[in-house]
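*Asks:* Sharing a structure below in C-alpha cells format, with a few things to ask.
The values are calculated or read from the model by the stated rules, or taken from the named source; none is laboratory data. None of these values were measured; they are calculated from a predicted model. Don't worry about glycine lacking a Cβ; one is built from the backbone with ideal geometry, like all the others, and counts go over all protein chains shown. SASA here: full protein model, heavy atoms, side chains in, ligands and nucleic acids out. Shrake-Rupley method; radii C 1.70, N 1.55, O 1.52, S 1.80 Å.
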Amino acid sequence: MKRCARVIGSGGYLPETIRTNEDISKLVDTSDSWIVERTGIKTRRIAGEDETAASMAEIAARQAIEMASIEAGEIDLIIVATGSPDRVYPSTGCILQHRLEIQQCVAFDVQAACSGSIFAMSIADQYIKTGAADKVLIIGSEICSRLIDWTDRGTCILFGDGAGAVLLESTDEPGILSTHIHSDGGFEDLLYCPNPQVATASAKDEKGVITMKGNEVFKVAVNTLGRIVDETLATNNLDKSDIDWLVPHQANTRIIAATARKLKMSMDQVVLTLENQGNTSSASVLLAFNEAIRDGRIKRDQIVLLEAFGAGFTWGSALIKY
Ligand code: COA
C-alpha cells in the first residue's frame with residue numbers, strides 16, 4: 001500500500017498586542033483607507049518583548065499535538081520554517097524540540113521566507129512517503145515586527161507576528177496529494193533582509209530590516225502563483241472546480257483575489273486572515289489553515305490548495321485531501 005501524509009492536527013498562536021493602521025499612521029505618512037484599499041490589512045499582532053519564534057511555535061505545536069491526541073514523544077521529525085529564528089544556531093527546531101521535552105527526534109529549520117511552511121510540508125511529505133518518518137510536526141513562526149524599519153511605509157504596513165502548526169502522520173489513504181516547490185535566486189534585490197553582523201565590509205552599514213520593491217514583487221507574485229495553480233491541477237489531473245478551498249499566503253488581498261479568479265473561485269471559498277493578521281511570512285498559510293479547520297469550514301475529504309510566494313523568490317503549493 002502506498003504511503004501518504006495525512007493532517008492529524010493543527011494549531012496557531014497570535015500575540016496579544018494589536019497594532020492598527022491608525023497606530024501606524026502616527027509613525028509614517030499613511031492612512032487606514034490607503035492601507036485597507038491597497039492591501040486589505042486593518043490590524044496586525046506584535047510579539048511581546050519576551051516572546052520569540054520558538055516560544056510562539058511551542059504554543060501552536062502543543063495545540064496541534066492535543067488535536068491529534070498523540071504524545072509529543074511520538075514525533076519523529078520537527079521542521080520549523082522561520083526567517084526570524086531565536087538564534088543563528090541552534091536551530092529554532094532544536095530549541096522547540098527541547099521546549100516540547102522530546103528526547104529523540106530530528107529537528108531542523110527551513111529558510112524559504114514566506115514560502116517556508118510549504119517548503120517544510122514538501123520535505124515532510126518526502127520523509128513520510130519514503131518511510132523515513134511517521135509523524136512530522138511542521139511549524140511556521142515569525143517575529144516580523146523585529147525585522148521591520150518602522151519608518152518605511154512601504155513595508156511596515158504589511159507584516160505581523162504569529163505561529164502556525166500542522167502535524168502529519170503516515171497513512172495509506174490519500175492525504176497530501178502533491179507538493180510543488182520552486183526557487184529563483186535572481187530576484188534577490190527585490191525583497192531581502194540583510195544580516196549586518198556577517199556582512200562584507202561594504203555591506204556593513206545596511207540595516208537588518210526587510211527591504212522591498214513592493215510594486216515589482218506584486219507583479220511577479222501574481223504571475224507566479226497563477227502558474228503554480230496550473231502546475232498543481234495538471235499533476236493531479238484535476239479541474240479548477242475540484243478545489244473546495246484555497247488557503248493562500250496572506251500578503252495582499254489583491255494578490256489573493258487574482259489567484260482566486262484564476263481558479264474561478266468565489267472569495268467565499270478562500271480562507272482570508274490578513275485583515276487582522278497582516279503578512280506573518282512563513283506562519284501565514286498554517287495560521288489560515290488552522291483557523292478554517294478549527295471553525296469547521298474545512299471538512300474531512302475536502303480538497304484544499306495551499307500556496308505561498310516569498311523572498312528568493314521562492315514559491316510553492318500543496319494539494320491536500322483533508
Ligand atoms: N501609504 C500611503 N502611500 C503609500 C504607501 C503607504 N503605506 N506606500 C506607498 N505609497 C505611495 C507610493 O509612494 C506611491 O506614491 P507616488 O505615486 O506618489 O509615487 C503610491 O503610493 C503607489 O506606490 P506603489 O508602491 O505602486 O503601491 P502599490 O499599489 O504597489 O502598493 C504595496 C504597495 C507594498 C502594498 C504592494 O506593492 C504590495 O503589496 N506588494 C507585494 C508585497 C508582498 O507581497 N510582499 C511580500 C511577498 S511575500
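*Asks:* Could you give the size of the charge dipole of the chain about its Cα centre, using +1 on the Cβ of each K and R and -1 on the Cβ of each D and E, expressed in debye and rounded to the nearest 20?
*Replies:* Using only the charged Cβ atoms, the result is roughly 640 debye.
*Asks:* Then there's this: Give me the accessible area per residue for the stretch 4-173, probe 1.4 Å, as a whole number in Å².
*Replies:* Dividing the accessible area of the stretch 4-173 by its residue count gives 42 Å².
*Asks:* How many percent of the accessible area of the chain is carbon or sulfur, using a 1.4 Å probe?
*Replies:* 48
*Asks:* Just to confirm a number: summing +1 for Lys and Arg and -1 for Asp and Glu over residues other than S115 whose beta-carbon lies under 12 angstrom from that of S115, what do you get?
*Replies:* With Lys, Arg at +1 and Asp, Glu at -1, the neighbours total -2.
*Asks:* Shifting gears a bit: With 24 Å as the limit, write out which pairs from K219/K299; K42/K321; K129/K321; K26/K207; K262/K321; K219/K262 have Cα-Cα distances beyond it, or answer none.
*Replies:* Listed pairs above 24 Å: K219/K299; K42/K321.
*Asks:* Could you report the stretch 177-321's accessible area per residue, 1.4 Å probe, as an integer in Å²?
*Replies:* Ligands and nucleic acids excluded, the result is 45 Å² per residue.
*Asks:* Could you give the length gained on full extension between N195 and I18, defined as 0.36 nm per residue of separation minus the Cα-Cα distance, in nm?
*Replies:* 61.0 nm
*Asks:* If you wrap a convex hull around the alpha carbons of the stretch 204-253, what volume per residue comes out, as a whole number of Å³?
*Replies:* Taking the convex hull of the Cα positions in the stretch 204-253, it is 122 Å³ per residue.
*Asks:* So what's the back-of-envelope 222 nm ellipticity for the chain, counting only DSSP H runs of four-plus at -39500 (n - 2.57) apiece and dividing by all residues, rounded to 500?
*Replies:* Roughly -9000 deg cm²/dmol at 222 nm, from the helical runs in the chain.
*Asks:* Can you give the percent of C-alpha pairs in the stretch 118-231 whose distance is more than 21 Å?
*Replies:* Counting every Cα pair in the stretch 118-231, those more than 21 Å apart make up 57 percent.
*Asks:* Out of every Cα pair in the chain, what percent are spaced more than 24 Å from each other?
*Replies:* It works out to 50 percent of all Cα pairs.
*Asks:* Same structure again: Would you kindly calculate the mean projected area, averaged across all directions, of the convex hull enclosing the Cα atoms of the stretch 1-98, in square nanometres?
*Replies:* Over every viewing direction, the Cα hull of the stretch 1-98 projects on average to 9.7 nm².
*Asks:* Same structure, new question: According to the Cα gyration tensor, what semi-axes, each the square root of 5 times an eigenvalue, does the equivalent ellipsoid of the stretch 177-321 have, listed from largest to smallest in whole Å?
*Replies:* So the equivalent ellipsoid measures 30, 16, 13 Å along its semi-axes.
*Asks:* Here's another thing I want to ask about it. Please work out whether the stretch 4-173 counts as rounded, prolate or oblate from its C-alpha gyration tensor, where a ≥ b ≥ c are the square roots of the eigenvalues and a/c under 1.5 means rounded, while otherwise a/b larger than b/c means prolate and anything else oblate?
*Replies:* Cα axes put the stretch 4-173 in the prolate bin.
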